[in-house]
Amino acid sequence: MKRKSGKNIWGFEGSFMNFCDKIFDVMILGFLWILCSLPVITIGASCTALYYAIVKCIKNNEGYVSRSFFHSFRQNLGPATFLWVIFAGVSFLMQLNIGILMEKTDGYIGLFFIVLYAFVSVYAALAACYAFPALSRYDMPAGWILKISLYMVGRYFLTSLMLAVILVCFGAFTWKVPLLLLFVPGPIAFLMSEFLERVLKKHTPGE
């Protein structure tokens, strides 16, 4: 654990250097997330590992970022992949149905189902925002992680709303400047952890 000192903010162990170290570590974790997400099927495990390392190493100053990332990646590869397949599959089906309806139907009935499928797609995306952090924190089967993540989306509506705002804002930035995709995964995870930790701690025994 790095020792913090407020006496000399410009020194090697001063708060300024500590701040720079944390920024560097956050960026490194973002690059590791991109690298381990390239097979696509491993995106869930990468998200779990990213959140685990952000909270443990960046927020709690424990361990080394790369070691913590790969430890969580290996440990949660199976259940995280299971959850990722479910969320990705639901999102794909909803988007496919929306595309078909927009091409083949019109009127209020078609609009109703388009809105319904869009809602399910958004709900699944928000549930994923809870699921992988919960998987990194709780020792429980993937099925229970799925249930609790679906519950948290509605139970903590304001937190879910903030997560949606973060995703939309960063998504808009990367849409305009695709190169930002190389730099935003770490900051996104760190910012989301500020809201998610308040929720996860409420469901952690002993907290």
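No lab work stands behind these numbers, since they all come straight from the coordinates. All of these numbers come straight from a predicted model, not from anything done at the bench. As a convention, Cβ positions derive from the backbone with ideal geometry for all residues, glycine included, and neighbour counts pool all protein chains shown.
Key figures for this structure:
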quantity	calculated
Karplus-derived HN-Hα couplings along the stretch 45-60 (A = 6.51, B = -1.76, C = 1.60, θ = phi - 60°), whole Hz, x at Gly and Pro	5, 5, 5, 4, 5, 4, 5, 4, 5, 4, 5, 5, 8, 7, 7, 9
Listed residue (Ser160, His203, Phe19) projecting farthest to the positive dipole end of the chain, Cβ model	Phe19
Under Karplus coefficients 6.51, -1.76 and 1.60, residue-wise ³J(HN,Hα) of the stretch 138-152 in Hz, glycine/proline x	9, 9, 8, x, 4, x, 6, 4, 4, 5, 5, 5, 5, 5, 5
Calculated log₁₀ intensity ratio I(q)/I(0) where the Debye formula runs over C-alpha points of the chain, q = 0.08 Å⁻¹	-0.32
Cα centroid separation, the stretch 49-84 to the stretch 135-207 (Å)	14 Å
Estimated FRET transfer efficiency when R0 is 45 angstrom, pair Leu158-Leu93 (beta carbons, to 0.05)	0.95
Cβ charges +1 (Lys, Arg) and -1 (Asp, Glu), total dipole of the chain, debye	540 debye
Crossing angle, helix 65-75 versus the chain [Cα axis fit, 0-90 degrees, rounded to tens]	40 degrees
Packing-based ranking, highest mean first, of 122-129, 23-30 given that Cβ atoms within 10 Å are counted	122-129, 23-30
Estimated 222 nm signal from helices in the chain, with DSSP H stretches of n ≥ 4 weighted -39500 (n - 2.57), rounded to 500	-26000 deg cm²/dmol
Order by protection proxy (mean Cβ within 10 Å, highest first), peptides 151-162, 80-91	80-91, 151-162
